[in-house]
Amino acid sequence: MLYTSYAHGFKSGGFVGRITTPQAIGPFGPEKVDTYEIGAKTDFLDRRLRVDVAGFFTNYRDMQLPEIAYIPNAQGVVLQANTIQNVPRAIIKGVELEATARPVDALTLTLTAASLNATYRDFCYPDTAYHPASGMSDPGCPTTLQGTPAILRNMYGYALQNSPRWNGTAGAAYEFAVAGGKLTAHALYQYTGKKYLSAIDDSPRATIQSTAIPISVSIGRHRTKDGRSACLRTTPSTGDTSRKCSICPASGGGYLRTTTRVRRNSQGEVVTALER
């Protein structure tokens with residue numbers, strides 16, 4: 001199946017509730033966005049292979065950009081502040097791939113991949129840490145900001161926040177019969193490229209480096225004949241905390257909802273805790 005879509009969005013302006021300096025309160029203006037998508041959803045080999053692919057393009061005008069900024073107060077002391085400013089124009093374009101295969105009934109293989117190009121197209125940023133050799137704003141940017149002399153950085157082509165260039169997953173799940181029910185084992189590999197969390201430029205303080213989780217394995221999901229899921233146990237390969245909800249048989253009959261928390265302690269040991 002082929003498809004295409006278009007959507008127009010609007011977000012109203014406002015003020016910042018968390019302020020350190022008067023300059024951080026705003027106001028900031030409304031945001032407008034248009035997004036286009038085209039894609040295909042396909043099935044092959046008697047529906048044992050499903051491949052979905054999509055390409056998209058998003059055009060922002062006056063995008064509302066949250067920022068942890070360093071702004072001088074009336075006394076000239078530079079303070080950290082949470083603020084929101086408008087970016088005249090930014091675009092996001094990319095492609096996504098999702099594939100699911102079932103070579104045999106009990107085995108499911110999954111693959112996802114995405115390539116993202118999200119950049120500022122018109123944005124002159126008052127970066128207090130930017131000191132060009134010319135001592136002036138970058139070409140294409142004004143030399144004043146609200147009537148005050150300023151050095152502005154031209155952010156054309158810089159990546160947006162929370163927009164890794166690449167990310168993807170690869171996984172496998174195997175289901176087999178055990179004691180009148182079914183047991184499923186999962187394995188998952190994840191990769192996320194470098195991205196900016198709250199920084200606008202490449203600030204080490206607010207940059208998340210590329211992250212690869214080699215293997216995350218979960219075993220022990222037992223489905224009984226009545227379809228309930230019980231006794232879920234997860235063993236992650238990293239220090240990330242894992243929380244999994246289960247419905248387990250209660251000692252007095254019926255079922256009890258529980259949550260299993262899995263993490264690694266400071267010595268690298270896997271620690272589990274059962275919450276009710």
Exercise for the section: First check a/c for the range 18-166, with a ≥ b ≥ c the square roots of the eigenvalues of its C-alpha gyration tensor; if it is under 1.5, answer rounded, and if not, answer prolate when a/b is larger than b/c or oblate otherwise. Expected result: prolate
Handout entry: FRET E, pair Ala129, Lys11, Förster distance 30 Å, beta-carbon r, rounded to 0.05
Key = 0.55
Problem - Most to least packed among 81-94, 29-42, 106-119 [average Cβ atoms within 10 Å] - result: 81-94, 106-119, 29-42
Handout entry: Links that overshoot a 21 Å alpha carbon limit, given the list Lys41/Lys93; Lys32/Lys93; Lys93/Lys194; Lys32/Lys194
Key = Lys32/Lys194
Handout entry: Cα-based radius of gyration of the range 36-82 once divided by 2.2 N^0.38 Å, which approximates compact folds
Key = 2.48
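The numbers here are math on the coordinates, done by the rules we state, and not lab data. Keep in mind that this is a model prediction, so the values were computed, not measured. Counting neighbours? That spans all protein chains shown, and the Cβs are built from the backbone with ideal geometry, glycine included.
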